[in-house]
Amino acid sequence: MRRNAGPFLGIAATFGILAASAGLACAQDDIFEFFENEANAITALRRAAPVEESPVAIDVITAREIEASGATNLWDLLRFKTGMDVADGRSSDVQRAIVSVRGFAEEYVISLQVLIDGQRIVSPYGIVYWSLFPIGLHDIERIEIVRGPNAALYGSGAALGVINIITKKPRAMNEISASAIGGSREKMMTQVAYETVRDSFGWRLGHTYAADDGFPVGSRVQGNDFYMAQKSHFRGWWDRGRGNHLELFAGISGHVFGAVNSANSRVEYPAHFQMLKYRRILTPAASFEASASRADSKIVIDPYEFNTSETQVNRAYRYDADVLLHYQWQPAPMQTTLGGSYGNAVTHDPLLYGNQDPRQSNQIMRCFLEQTVKPGESLVLNGGVSWERSDTGGTQLAYQAAASVRPWEEHIFRFAHSLAPTLPGIQTQRMYQEIPASFVALSGNPELRPVKMRSYEAGYRTTFLSRRLGTEANLFYMNINDLWDSYIQSMVFVPVPLITVSFQNQNDAVARGAEAKLDYKISPGAKVFANYTFERISDLIEDVNVVETTPKHKVNLGGQADFGQGFSGTMKAGYKTSYLSHSESRDMNVDIPAYWRLDLRLAYRPGQGWEFFWAGQNLTRSRHLEFADGLEVPRTFYGGLNVQF
């Protein structure tokens, strides 16, 4: 039997980095500063607060980690984090990743809320298309990952968690940064950014070009899976004085994908977005924030893809408006956040809606209240409730209650209970589409009920060794009701055979799991980590199976370090046990064997502002499966240059 060397390579590399870094100088003040960068977050409570006061489990990915990661796409930044389910996969020809939190890594994940600077980027269909984000990795300042329901603050789609991608705010005067990458699979990427700051305003403009030749199909023959993208992102701020602050966010992107199942077809996806955000400090204890945003995208499909006589153009756009009011009660140790939002998601898709009006919309209104109370130094209580109404889901309530107890210094116990709904999308209620070259039609169900998740969670956090060693453990239990599934609605044979497939609330499930993680900060330039996730999902209705679609065991470990003389390195290794992968769009079920994945990055800085680097991904084997799409994830090598001046 051939042994898999991945575990041994990962463990050896981890201890190698640890040993190489152990002798580095370690200033205590720098260690605390390094911790502070990761110890505060805004996503969990919709305001800046220490992570230890968070009512939910949360991870933070800093700009330093992003730069040292070696990742060339966003989802690979999330792959090795606690509780994350990440796979390279084509759920559609414009989607290149399956991303979920704490299980249910389905083809179209609809219960994970993803934000860019607080702006919702979920499509009007309720799906997050990770490949289409209008920002490059060099535009990101930090990523905050909330694991567990947070619908009381963010509404429908936040039942599994929230991922907030925060872009870089301009802080330097006349700074230019650029990078170039080239490697196997014809991988190419260039990134350039310019930022400037004056007394009362600043702005930053970034551009990314990326392309690759895609993944090979199972027969190890290259498929029509190419990708090319151009992305430009702008962020500017204007401080008007007297507590008034204005920010503008904007982006434009163009993507071209090869359609996997067709040798001739291609899909084009142009998109753009804008957001204006205003903040005002009303009093030392109160602040107000308002934002308005718009996102617009088109998908241009060749006639080959749907056997149509002409090119198909579908459009999706949405408008959102949000208001927030923060108030810190004095002298009582209480903080209150009030908020409200309005959104209108619109799609124009003649193929998807059949003989109906091709323009379909979904209006969503919601308001929420979050209250934090500190009765004493050792106790923090959090409570949140929201009311939400949509055209597709009616009126729904969500709530969240949590308590954090600190019986001893640096030892924090957390207990939480939440109710979080996920409302049906436009397509699951209103679609009617006959699949080309088949006898199948997909039909929506206007009676589809929201999925409801009730979550119970207990957690523990502590630090040792002068706060250099941090540990965390969580136990969670989730009861999910009214899960959606497809079923055969009708079958006719004249005048032509036609099987109509629809959706219904067909299943209930229970998910239980445990998470443990460890981070050791050796110095500001060196750290190691390890985390473990166990998940077990049980169906409550026997004829529907969601049990095996999530790996039961996931282990990640690695580290990063400065070796001296300008050299640095990063290693990340991950292991997943076997699982069943199901693709509705590809009509495939595939048993995915257990696998290790090893990613490495080595860098050299000959001087200030210059860095040469080499990286490799999937180094444990030449290729492996991650999703039921007929494609294999190959071993990849690339190198490049970063400059800053």
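What follows is calculated from the coordinates using simple rules that are stated; it is not laboratory data. Please read all numbers here as calculations on a predicted model, not as lab measurements. So basically every Cβ, Gly included, is an ideal-geometry build from the backbone, and we count neighbours across all protein chains shown.
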Problem set entry | Label point distance in nm, LEU369-LEU397, each placed 7 Å from Cα along Cα→Cβ | 1.2 nm
Exercise. Considering only TYR575, GLY89, SER287, whose Cα is most displaced toward the positive end of the charge dipole of the chain, charges sitting on Cβ of Lys, Arg (+1) and Asp, Glu (-1)?
Worked result: SER287
Exercise. Whose amide H sits under 5 Å from the amide H of LEU448, counting only residues 5 or more places off or on another chain, with H placed in the peptide plane?
Worked result: none
For this session: Mind listing the long-range amide H neighbours of ILE435? Cut-off is under 5 Å, sequence gap 5 or more, other chains count too, H placed in the peptide plane at 1.01 Å from N.
Result: VAL440, ALA441, LEU442
Problem set entry | Gyration tensor (alpha-carbon) shape descriptor, the chain, a/c threshold 1.5 | rounded
Seminar exercise, completed: Quick shape check on the stretch 86-209: root eigenvalues a ≥ b ≥ c of the Cα gyration tensor, a/c under 1.5 is rounded, otherwise prolate if a/b tops b/c, else oblate, and it reads oblate
Exercise. In nm, to one decimal, how far is the THR190 label point from the MET228 one, both placed 7 Å along Cα→Cβ?
Worked result: 1.4 nm
Seminar exercise, completed: Phi angles of the stretch 41-52, converted by Karplus (6.51 cos²θ - 1.76 cosθ + 1.60, θ = phi - 60°) into ³J(HN,Hα) in whole Hz with x for Gly and Pro, give 8, 10, 6, 4, 10, 6, 7, 5, 7, x, 4, 5
Exercise. So how strong a dipole does the chain carry about its Cα centre when Lys and Arg Cβ are +1 and Asp and Glu Cβ are -1, to the nearest 20 debye?
Worked result: 1040 debye
Problem set entry | Computed lengthening from TYR319 to ILE488, 0.36 nm per intervening residue step minus Cα-Cα distance | 57.3 nm
Exercise. In the stretch 431-587, what percentage of the DSSP-assigned beta bridges are antiparallel, given to the nearest 5?
Worked result: 95 percent
Exercise. Which residues in the stretch 174-188 place their backbone N less than 18 Å from a point set 7 Å from the Cα of PHE612 along the Cα-to-Cβ direction?
Worked result: 178-184
For this session: Once you have a ≥ b ≥ c as the square roots of the Cα gyration tensor eigenvalues for the stretch 379-473, tell me rounded if a/c is under 1.5, and otherwise prolate or oblate according to whether a/b is larger than b/c.
Result: prolate
Exercise. What is the projected area of the convex hull of the Cα atoms of the stretch 510-645, averaged over all directions, in nm²?
Worked result: 11.1 nm²
For this session: Using +1 at the Cβ of each Lys and Arg and -1 at the Cβ of each Asp and Glu in the chain, identify which of PRO634, PHE534, ASN174 lies farthest towards the dipole's positive end.
Result: ASN174
Exercise. So, counting K/R as plus one and D/E as minus one, what does the shell of residues with Cβ under 10 Å around THR167 add up to?
Worked result: +2
Exercise. Contour minus end-to-end for TYR477 and ARG623, with contour as 0.36 nm per residue of separation and end-to-end as the Cα-Cα distance?
Worked result: 49.1 nm
Problem set entry | Fully extended contour minus Cα-Cα distance, from ASN344 to GLU447, at 0.36 nm per residue | 35.0 nm
For this session: Mind ranking 107-118, 334-345 by how tightly packed they are, going by the mean number of other C-beta atoms within 10 angstrom, highest first?
Result: 107-118, 334-345
Exercise. In deg cm²/dmol, rounded to 500, what helix-only [θ] at 222 nm does the chain give when every DSSP H run of at least 4 residues adds -39500 (n - 2.57) and the total is split over its residues?
Worked result: -2000 deg cm²/dmol
Seminar exercise, completed: Residues of the stretch 611-643 with backbone N under 18 Å of the label point set 7 Å from the Cα of GLU548 along Cα→Cβ are 625-630
For this session: Give me the distance in nm between label points sitting 7 Å out from Cα along the Cα-to-Cβ direction at PHE288 and GLU434, one decimal.
Result: 5.6 nm
Exercise. Over the stretch 110-245, what relative contact order in percent results from Cα pairs under 8 Å that are six or more residues apart?
Worked result: 20 percent
Seminar exercise, completed: Mean Cβ-within-10 Å packing, highest first, puts peptides 79-87, 292-300, 636-644 in the order 79-87, 292-300, 636-644
Exercise. Over the chain, what is the relative contact order in whole percent, taking alpha-carbon pairs under 8 Å and six or more residues apart?
Worked result: 13 percent
